[in-house]
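Only one structure is covered here, and it is reproduced in the block below.
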Amino acid sequence: MNPYSEIIKSQLDFFNTNATKDTNFRIKQLKKLIKVLKDNEDLLDEAIYKDFKKSSFENYETELSLVYHEINLAIKKLKSWSKRKSVRTNMANMPGKSYIIAEPLGVTLTIGAWNYPYQLAFAPVVAAISAGNTAILKPSELSLNSSNAMAKIINENFDSNYFHVIEGGIEETTNLLKLKFDKIFYTGSTNVGKIIMKAAAEHLTPVTLELGGKSPSIVFKDANIKITAQRLVWAKFLNGGQTCVAPDYILAEKGVKAKLIEEIKTQIKNIYGGNPMDSDAFVRIISPRHYNRLVDLIDSKKVIIGGDSNKEELYISPTVLDNISFEDDIMQEEIFGPILPIIEFEDLSWAIKMIKERPKPLALYIFSSSNKSINRILHEVSFGGGGVNEAIMHLANSNLPFGGVGESGMGNYHGKAGFDSFTHYKSILSKSTVVELPIKYPPYSDWKRSVMEKLIE
Ligand code: NAD
């Protein structure tokens with residue numbers, strides 16, 4: 001017997017009462033969720049600090065504020081998002097009316113990643129709830145304290161047949177995945193994404209996969225180098241580099257590299273001080289396993305900034321590597337840590353070719369003042385989303401659907417896109433019974449065919 005059969009069945013039974021179809025019910029639950037989170041901010045702060053020394057400011061800036069925004073937006077908009085929408089009826093179906101009903105999918109499973117444990121868990125759940133579903137949340141076991149905190153505050157405040165947190169690692173997730181859900185929303189690595197999709201295929205469950213990959217930043221000579229360096233340093237070293245949309249590496253146009261490196265050095269000092277280990281803004285690596293992997297990726301001969309590490313503290317300083325080529329080890333996998341390799345390019349066609357030969361990135365950033373270069377890259381390269389003269393911040397605009405493409409994921413969320421990913425749009429044609437044209441019925445004839453051509457084509 002699967003340990004989770006009963007709870008999933010209880011959520012399905014609750015969903016089938018139709019209680020969640022009432023938009024006022026959903027708004028009430030979202031209001032309750034924001035209150036519960038705000039009332040427990042201290043607990044959430046303490047837990048995430050224990051996990052990887054993330055400060056209260058950063059917990060608000062990069063996790064809770066985004067969740068609060070998603071909740072408040074959904075409270076404001078979900079009635080209009082849920083409204084039945086009329087569309088034009090075509091000639092062949094006259095006289096009649098056509099409309100689309102936004103229908104919740106049912107029982108949903110959200111599987112979170114550890115690097116932004118609250119944001120990546122709650123933002124999809126907010127979308128699930130606002131679309132009228134029930135929710136099971138499985139946070140990552142790697143950010144264990146944050147997972148415990150979420151389980152405590154959600155399970156104490158919500159009925160388990162509506163919204164429940166199930167904690168655990170691979171074994172628990174594997175058991176959950178054996179059961180039938182109406183939607184699975186997964187955030188994490190591309191490899192595990194394949195496991196999730198295979199398991200979902202057994203039940204033909206739709207999935208949204210928010211995965212990872214190497215996100216390039218292309219810096220041109222004509223960019224504002226001071227601002228570029230400042231934005232890149234913040235985006236790369238935020239959360240200790242453990243951000244899915246962090247700039248993974250820089251492609252610097254020939255002639256700009258030396259100046260860029262100098263500015264990056266200055267900006268690291270401005271943001272984290274002379275010794276980043278003492279900065280309360282510099283987050284630690286999540287586990288000894290991740291720490292060892294990252295330290296192994298640092299080729300000491302190529303370090304031009306930083307390169308320091310402390311195993312006891314799981315600390316790796318903001319590190320920049322120069323003279324890197326696409327053949328180096330650091331270019332073979334997503335870095336997901338505070339190490340920034342720089343590759344020089346002379347010819348944009350070559351840079352574009354190198355990016356396109358690799359899996360489609362989750363994000364791509366262009367730093368330039370030339371619309372020609374910017375538009376060429378936007379036109380030629382496929383990637384999840386990104387920025388022009390900015391990095392990471394596109395995910396903080398809920399009007400921009402957030403998600404990957406190809407190996408970096410499928411489907412998207414944030415704002416209305418999140419609501420859509422947990423909704424089935426049910427299309428209805430409602431026909432008048434006043435008349436019935438004989439066109440579609442046998443016996444077939446030439447005149448029926450010619451009327452059909454006029455009506456349909
Ligand atoms: P992960 O895939 O190891 O873990 C994510 C979740 O999957 C966890 O809840 C974990 O318990 C579960 N899991 C792990 N192994 C499993 C297995 N064999 N079977 C079933 N479930 C399993 O990912 P991670 O290390 O937490 O995150 C790192 C990756 O996630 C990076 O590639 C990063 O880019 C990506 N990421 C993407 C986004 C995004 O929004 N696109 C956000 C954050 C992280």
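The values are calculated or read from the model by the stated rules, or taken from the named source; none is laboratory data. What you see is a predicted model; the values in this text were computed from it and never measured. In this analysis, Cβ positions are derived from the backbone assuming ideal geometry, glycine residues included, and neighbour counts consider all displayed protein chains. Remember, those area values only see protein heavy atoms, side chains included, never the ligands or the DNA or RNA. Shrake-Rupley method; radii C 1.70, N 1.55, O 1.52, S 1.80 Å.
In summary, residue 60 fulfils each of the numbered conditions (1) in contact (Cβ under 8 Å) with a residue 24 or more places away in the chain; (2) surrounded by 15 or more Cβ atoms within 10 Å (Cβ to Cβ); (3) part of a helix (DSSP H, G or I) with the single exception of condition (1).
Selection of first residues in region 322-340 that are touching a residue at least 60 places away in the same chain (Cβ under 8 Å) and of second residues that are crowded, with 18+ Cβ neighbours inside 10 Å and small (Gly, Ala, Ser), restricted to Cβ pairs under 6 Å at least 6 apart or on distinct chains, gives the following pairs, ordered by first then second residue: 334/212; 334/213; 337/241; 338/240; 338/241. Exactly one condition in (1) part of a helix (DSSP H, G or I); (2) surrounded by fewer than 20 Cβ atoms within 10 Å (Cβ to Cβ); (3) in contact with a helix residue (DSSP H, G or I) (Cβ under 8 Å, 6 or more places away or on another chain) is false for residue 69; which is it? Single failed check for residue 69: (3). Quickly run through region 1-32 and pick out the residues that are over 11 Å from residue 161 (Cβ atoms), open to solvent by 30 Å² or more (accessible area, probe 1.4 Å) and of a type in the set (Lys, Arg). Listed by number, the residues that qualify are 21, 28, 31, 32.
Considering region 333-348, the residues that are within 16 Å of the ligand (Cβ to nearest atom) and in a loop (DSSP other than H, G, I, E, B) include one that is surrounded by the most Cβ atoms within 10 Å (Cβ to Cβ), namely 338. Sub-9 Å Cβ pairs linking a first residue in region 134-151 that is away from the ligand (no atom under 13 Å from the Cβ) to a second residue that is charged (D, E, K, R) and assigned to a helix (DSSP H, G or I), at least 6 apart or interchain, are 145/46; 145/50; 145/51; 149/46, ordered by first then second residue. Applying the condition of being among the charged types (D, E, K, R) and modelled with pLDDT of 95 or more to region 408-445 and asking which residue is farthest from residue 104 (Cα to Cα) yields 431.
Within region 153-191, being near the ligand (Cβ under 10 Å from one of its atoms) and under 13 Å from residue 4 (Cβ atoms) holds for 167, 168, 171, 172, 173, 174, 175, 176, 177.
In region 199-246, how many are among the charged types (D, E, K, R) and over 20 Å from the mean Cα position of the chain (by Cα)? Full working, then the answer.
Within region 199-246, the first condition is being among the charged types (D, E, K, R), and the residues that meet it are 202, 210, 214, 221-222, 226, 231, 236.
Keeping just the survivors that are over 20 Å from the mean Cα position of the chain (by Cα) gives 202, 221-222, 226, 231.
Residues that pass the stated criteria total 5.
The single condition from (1) in contact (Cβ under 8 Å) with a residue 24 or more places away in the chain; (2) aliphatic (A, V, I, L, M); (3) more than 30 Å from residue 16 (Cα to Cα) that residue 179 fails is (3). The lone criterion from (1) touching a Lys or Arg at 6+ places or on another chain (Cβ under 9 Å); (2) closer than 25 Å to residue 131 by Cβ left unmet by residue 52 is number (2).
Taken over region 374-399, residues that are assigned to a helix (DSSP H, G or I), in contact with a strand residue (DSSP E or B) (Cβ under 7 Å, 6 or more places away or on another chain) and either within 16 Å of the ligand (Cβ to nearest atom) or of a type in the set (Gly, Ala, Ser) (or both) amount to 3.
Just wondering, is there one or more residues in region 3-25 that are within 22 Å of the chain's Cα centre (by Cα), touching a residue at least 24 places away in the same chain (Cβ under 8 Å) and outside the structural domain of residue 314 (by TED's automatic domain parsing)? Give the derivation first.
Narrowing region 3-25 to residues within 22 Å of the chain's Cα centre (by Cα): none.
Looking through region 3-25, none of the residues is within 22 Å of the chain's Cα centre (by Cα), touching a residue at least 24 places away in the same chain (Cβ under 8 Å) and outside the structural domain of residue 314 (by TED's automatic domain parsing).
Scanning region 6-34 for residues that are touching a helix residue (DSSP H, G or I) at 6+ places or on another chain (Cβ under 8 Å), closer than 23 Å to residue 70 by Cα and not charged (D, E, K, R) yields 19, 20, 23, 25, 27, 29, 30, 33, 34.
If you go through region 72-94 and keep only what is outside any helix (DSSP H, G or I), surrounded by fewer than 15 Cβ atoms within 10 Å (Cβ to Cβ) and modelled with pLDDT of 95 or more, you end up with 83, 84, 85, 86, 87, 88.
For region 400-450, what are the residues that are open to solvent by 50 Å² or more (accessible area, probe 1.4 Å) and in a helix (DSSP H, G or I)? Within region 400-450, 407, 416, 420, 446, 447, 449 meet the criteria.
Confirm whether residue 294 is farther than 26 Å from residue 49 by Cα, modelled with pLDDT of 95 or more, assigned to a helix (DSSP H, G or I) and among the hydrophobic types (A, V, I, L, M, F, W, C). Reasoning before the result, please.
Working: farther than 26 Å from residue 49 by Cα: no; modelled with pLDDT of 95 or more: yes; assigned to a helix (DSSP H, G or I): yes; among the hydrophobic types (A, V, I, L, M, F, W, C): yes.
For residue 294, the condition - farther than 26 Å from residue 49 by Cα, modelled with pLDDT of 95 or more, assigned to a helix (DSSP H, G or I) and among the hydrophobic types (A, V, I, L, M, F, W, C) - is not met.
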